[in-house]
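Shown next, in structure tokens, is the structure this report addresses.
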Amino acid sequence: MSLPMHTTKKCAVCGMESEQIVLTSTNTFGGGPDLDLRPAEMMRSTMCWWIQECPHCGYISGSLDDETSVTNEWLKEDEYTQCSGLSFLSKLAEKFYKYYLINKADENPEDAFYAILHAAWACDDERDAENALLCRRLAIKEIDAVIRNQPYN
């Protein structure tokens with residue numbers, strides 16, 4: 001069983017507080033993850049709680065109090081507000097895409113990879129094949145960056 005909980009979070013960008021939902025526990029049944037790492041149910045249905053969005057400024061993170069280099073002004077730029085000109089069928093995919101953009105701005109390729117991969121999964125759920133493919137292509141670029149920056153032993 002998945003257990004969400006309501007909590008109040010202070011946004012790292014605008015400083016405003018808002019009520020958010022955090023996932024306190026979940027589980028998976030059945031086989032392992034899909035080939036693209038997507039977990040089995042029940043965890044698979046909890047994606048809407050994996051990220052939080054500030055209703056005041058639009059900052060998105062795993063936790064709204066996570067530090068970031070982005071500013072209120074950055075969050076108002078068209079690249080962010082318009083999702084790079086993409087039109088997603090899923091609001092959840094749009095949120096994960098924006099989280100991807102934030103991680104790119106923060107120069108965090110590993111979190112950018114997971115954010116854009118999660119956007120692809122959300123596109124899959126809405127049968128948005130075109131954007132799912134685009135997100136997976138971006139995920140490949142991000143994981144390549146992660147691999148290139150790893151020291152070899």
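The values are calculated or read from the model by the stated rules, or taken from the named source; none is laboratory data. Nothing here was measured: the structure is a model prediction, and the numbers come from that model. As a convention, Cβ positions derive from the backbone with ideal geometry for all residues, glycine included, and neighbour counts pool all protein chains shown. What goes into the accessible areas is simple: the full protein's heavy atoms, side chains included, and nothing from ligands, DNA or RNA. Shrake-Rupley method; radii C 1.70, N 1.55, O 1.52, S 1.80 Å.
Observations on the structure shown:
- Any chance Cys48 is at pLDDT 80 or above, assigned to a loop (DSSP other than H, G, I, E, B) and surrounded by 12 or more Cβ atoms within 10 Å (Cβ to Cβ): no
- Helices (runs of 4 or more DSSP H) fully within segment 64-134 that include at least 3 residues being touching a helix residue (DSSP H, G or I) at 6+ places or on another chain (Cβ under 7 Å), open to solvent by less than 40 Å² (accessible area, probe 1.4 Å) and of a type in the set (A, V, I, L, M, F, W, C): 91-105, 109-125.
- Residues (β-branched (Val, Ile, Thr) and farther than 21 Å from Asp128 by Cα) located in segment 79-110: Ile102
- When Lys104 is tested against (1) free of Cβ contacts under 8 Å to residues at least 60 places away in the same chain; (2) farther than 13 Å from Leu138 by Cα, just one condition goes unmet, and that condition is (2).
- Scan of segment 135-153 for residues that are under 14 Å from the mean Cα position of the chain (by Cα) and open to solvent by 50 Å² or more (accessible area, probe 1.4 Å), ordered by number: Arg136
- Only one of Leu37, Leu23 that is open to solvent by 30 Å² or more (accessible area, probe 1.4 Å), closer than 19 Å to Tyr99 by Cα, in a loop (DSSP other than H, G, I, E, B) and modelled with pLDDT under 95: Leu37
Residues are listed down the side, and each one gets a yes or a no for (1) under 26 Å from Ser63 (Cβ atoms); (2) touching a residue at least 40 places away in the same chain (Cβ under 8 Å):
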site	(1), (2)
His118	yes, yes
Ala122	yes, yes
Asp125	yes, no
Glu130	no, no
Leu134	no, yes
Ile140	no, no
Asp144	no, no
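- Within segment 70-98, residues that are free of Cβ contacts under 8 Å to residues at least 24 places away in the same chain have Cβ atoms under 6 Å from residues that are hydroxyl-bearing (Ser, Thr, Tyr) in these pairs: Cys83/Tyr97, counting only partners at least 6 apart in sequence or on another chain.
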